[in-house]
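Enquirer: Quick one: the structure is below, questions incoming.
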Amino acid sequence: MTNNKFILGISVLNEGEKILKVIERFNDYSVYDVLIMDDGTTDGSLDRIPVNEHIFIVRNSRNRGAGHSVRNCLRWAKERGYEALFLVAGNDKDRPEDVTKLVKGMEEGFDLVQGSRYLPGGGFGNMPLYRTIATRVIHPVLFSLISGRHISDSTNGFRAVRLSILEDQRLDLDQDWLDRYELEPYLFYKVIKLGYKVKEVPVTKIYPLHSMGYTKMKPVTGWWSILRPLVYLGLGIKK
């Protein structure tokens with residue numbers, strides 16, 4: 001292990017050239033290490049990553065879901081003594097210069113620093129209108145209502161998490177229903193409701209071209225997966 005207290009967590013499933021670009025651009029090893037959590041990749045792209053003392057690859061033999069991968073990233077990093085995990089997309093839509101904002105938030109004592117493309121100073125691109133409405137209006141409004149705190153970008157996966165919060169027994173990440181896209185909004189909601197220090201910071205998120213694999217989220221099942229925690233937690237069906 002290195003002396004870094006921060007590590008990037010990148011969940012990957014057949015991202016091809018995009019994950020190679022991510023590794024090439026997110027390379028400030030004086031600040032963070034990099035963890036690639038493979039969720040059953042079969043395209044051979046991970047075999048081309050130049051592993052060094054700052055890059056770690058953990059492979060799953062089959063696809064288990066985004067939430068399962070994020071959970072593994074969190075636990076892997078905590079078990080190895082890192083202070084915080086920075087979650088970064090594997091399809092090259094986040095900007096490496098925004099990591100400094102996550103670092104600053106952690107050093108200021110926040111427990112979760114959430115990237116927002118909709119705050120002043122943030123930016124986004126290559127999103128269809130329906131997705132802009134869903135991520136800028138529908139999900140943030142519902143999330144803000146049930147969490148009791150105004151949040152401008154509740155679906156942005158670019159965020160920093162202080163790993164000591166995993167010791168809180170009131171945070172149950174092992175529920176089976178959190179294996180897909182549910183885990184990240186669940187974690188965000190619980191951190192707020194449990195009274196941890198949370199802040200949003202402006203970031204930029206530019207999606208890749210459709211021809212390169214725009215997103216793996218399916219229009220109906222994927223959006224239900226990311227909305228389900230709001231329904232379950234808001235109605236008290238789940239804890």
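Enquirer: Of all residues in segment 1-48, how many are in contact (Cβ under 8 Å) with a residue 60 or more places away in the chain and assigned to a strand (DSSP E or B)?
Expert: So the count comes out to 8.
Enquirer: Would you mind telling me which numbered condition in (1) surrounded by 15 or more Cβ atoms within 10 Å (Cβ to Cβ); (2) in contact (Cβ under 8 Å) with a residue 60 or more places away in the chain; (3) out of contact with any strand residue (DSSP E or B) (no Cβ under 8 Å at 6 or more places or on another chain) L163 fails?
Expert: (3)
Enquirer: Count, please, the residues in segment 49-62 that happen to be closer than 13 Å to G9 by Cα and assigned to a loop (DSSP other than H, G, I, E, B).
Expert: 1
Enquirer: I've got another one for you. Determine whether Y181 is at pLDDT 95 or above and either outside any loop (DSSP other than H, G, I, E, B) or at negative phi (or both).
Expert: Working: at pLDDT 95 or above: no; either outside any loop (DSSP other than H, G, I, E, B) or at negative phi (or both): yes.
No, not satisfied.
Enquirer: If you don't mind, another one. May I ask you to list the residues in segment 182-204 that are hydroxyl-bearing (S, T, Y) and more than 16 Å from L142 (Cα to Cα)?
Expert: Matches in segment 182-204: Y196, T204.
Enquirer: Additional query: Based on this model, can you work out whether V141 counts as at pLDDT 95 or above and touching a strand residue (DSSP E or B) at 6+ places or on another chain (Cβ under 8 Å)?
Expert: So V141 does not fit the description; no.
Enquirer: Now a separate question. So which of K190, K205 is modelled with pLDDT of 90 or more, surrounded by 16 or more Cβ atoms within 10 Å (Cβ to Cβ) and assigned to a strand (DSSP E or B)? Don't jump to the end; show me each part of the working.
Expert: Values: K190 fails: assigned to a strand (DSSP E or B).
Answer to the selection: K205.
So that you can scan it fast, the table gives a plain yes or no per residue for (1) within 14 Å of the chain's Cα centre (by Cα); (2) hydrophobic (A, V, I, L, M, F, W, C):
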site: H139; (1), (2): no, no
site: H150; (1), (2): no, no
site: T155; (1), (2): yes, no
site: F158; (1), (2): yes, yes
site: E182; (1), (2): yes, no
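Okay, residues lined up against (1) touching a strand residue (DSSP E or B) at 6+ places or on another chain (Cβ under 6 Å); (2) under 25 Å from G222 (Cβ atoms); (3) small (G, A, S); (4) at pLDDT 95 or above:
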| site | (1), (2), (3), (4) |
| --- | --- |
| N3 | no, no, no, no |
| F6 | yes, no, no, yes |
| G16 | no, yes, yes, no |
| R62 | no, yes, no, no |
| A84 | yes, no, yes, yes |
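Enquirer: Also: Cβ-Cβ under 9 Å, sequence separation 6+ or interchain: first residue in segment 55-73 and within 19 Å of A160 (Cβ to Cβ) and touching a residue at least 40 places away in the same chain (Cβ under 8 Å), partner of a type in the set (A, V, I, L, M) and part of a loop (DSSP other than H, G, I, E, B). Which pairs?
Expert: A66/L13; A66/M217; G67/L173; S69/L13; V70/L173; R71/L173
Enquirer: Filter segment 1-44 down to residues that are of a type in the set (S, T, Y) and surrounded by fewer than 19 Cβ atoms within 10 Å (Cβ to Cβ) and give me whichever is farthest from R159 (Cα to Cα).
Expert: T42
Enquirer: Tell me, which helices (runs of 4 or more DSSP H) wholly within segment 63-134 include 1 or more residues that are within 16 Å of the chain's Cα centre (by Cα)?
Expert: In segment 63-134, 66-79, 99-107 are the helices (runs of 4 or more DSSP H) which contain 1 or more residues that are within 16 Å of the chain's Cα centre (by Cα).
The values are calculated or read from the model by the stated rules, or taken from the named source; none is laboratory data. Keep in mind it's a predicted model, so treat the numbers as computed, not measured. Glycine gets a Cβ as well: all are built from the backbone with ideal geometry, and neighbour counts include every protein chain shown.
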